[in-house]
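Take a look at the structure set out below.
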Amino acid sequence: MTSIKVARPWDLPESQLTHEPDFWNRRRFLQAAGLAAVGGGLLARSLLPNRVLAVAHASPGPGIDVPRAKAFSHFVEFSQWSAETPGLAMALDTDSWPVTISGLVEKPRVIEAGELRELMTLEERAYRFRCVEGWAMVVPWIGFPLKRLISLVQPKSSARYVRFSSFHDPRIAPSQRQQDWHRWPYSEAISLAEAVHDLAFLVTGVYGRSLPKAQGAPLRLVLPWKYAMKSIKSITRIEFVQDRPETFWGSACAERYDFDCNVQPVAGSDPLQADEILIGSGQRRPTLPYNGYGEMVASLYR
Ligand SMILES: Nc1nc2c(c(=O)[nH]1)N[C@H]1C(S)=C(S)[C@@H](COP(=O)(O)O)O[C@H]1N2
Ligand SMILES: [Mo]
C-alpha cells in the first residue's frame, strides 16, 4: 500500500530527524558534550535559592552505566539527575489518567487520556525541540493539534490564557516531597492565541510508540517554537483563565525566563542562547529565531 504524504508547512526533510538511538541515548551524548547535568545545570545556572545549589552539588554526577538510564529526560518531579528518572517515572499510573478541562469554557469535562486518544485522529509530526540548556533535536511526535481539544470544550470569550498542570503525587515523586521551595505541581501557560495555533500539539507517542512515562505519558504538550520547558509532561489539568497565570519556572526564576519563552538567539539576559548543539551529530549551529518557526508564529507577537 502506498501512502500519499501531503506537505505541511512544518514538515522537515527526513534527513533532519534525530536518529532514534541517539534520541534514547541522549544522556550519553550530552555527557560526552559536557552537557550531561542538564537538570542540575538548569537549576544551578538559574537564580534559585542556595539550597537548590546545595542539593545539586551533593548529588552524585550522572554515571553512564546506570542500567535503567535508557534515555535522558528532564523531569524535575522525579530527579535532579536524569539517570534516575526513567526508573522513578514507572510509578506513574498512566492506565487511569483523568484529565480535567475547566475554567472559562462552555463545556468543561473530565476525560480519560485513553479516551481522548481514541477520540482524536492521531498524526505524526517531526518538530525541532530545543532546551534552554542548549541541546536540540528533531523528534517525530505522535499526537493531535491542541486546537481540536479546545474546540471540544468551547472557550468563552473571556478566556485569554490556557494553563496546564502536571500531576501532584509526593508519594511517587521524590522532589515533590523534598523540594518545598518549588510551586508544585509543574505548570505552564500560553495565551489562547498560541494554544489554537496549528503548531501547538498534544503528544501521546514518539518514534512510532506510545509515549514512555519518562517522556511525559500519557499526555504532554509540545510547542516547537518555545524552549522545551514549556512542553509540559504528564498533564492532568487544562484550565482556561482570564489573567496570565504564574508558571513553575516563571515563579522559580522570573529574571531568567520570560513568560513567552520563545526560542531566540539571545533570550533576555541569557547569553547562552546564541548557539545550540544537535543531539547525535554534535554539530554546533546558530540558534534560529522561534526555533525556525518564525514564518508561522512571529505574527503572534506583533
Ligand atoms: N512535568 C514536567 N514537564 C516538563 C519538565 C519537567 O521537569 N516536568 N521539564 C521540561 C524541560 S526543561 C524539558 S527540556 C523537556 C524535556 O522533555 P524530554 O525529557 O522528553 O526530552 O520537558 C519539559 N517538560
Ligand atoms: Mo529543558
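What is the fewest-to-most order of ARG171, ARG256, ARG244 by other Cβ atoms lying within 10 Å of their Cβ? The partial results should precede the final answer.
On the way: ARG171 8, ARG256 18, ARG244 14.
Ordered by Cβ neighbours within 10 Å, fewest first: ARG171, ARG244, ARG256.
Note on GLU20/MET120: beta-carbon distance plugged into 1/(1 + (r/R0)^6) with R0 of 25 Å gives a FRET efficiency of 0.55.
According to the square roots a ≥ b ≥ c of the eigenvalues of the Cα gyration tensor, what is the shape class of region 121-220, taking rounded for a/c under 1.5, prolate for a/b larger than b/c otherwise, and oblate for the remainder? Write out the running numbers ahead of the final one.
Numbers: a/c = 1.70, a/b = 1.15, b/c = 1.47.
It is oblate, given that a/c is not under 1.5 and a/b is not larger than b/c.
Throughout, read-outs are computed from the coordinates displayed, never taken from laboratory work. Not measured: the values here are computed from a predicted model. Reconstructed Cβ throughout: ideal geometry from the backbone, glycine too, with neighbour counts over all protein chains shown.
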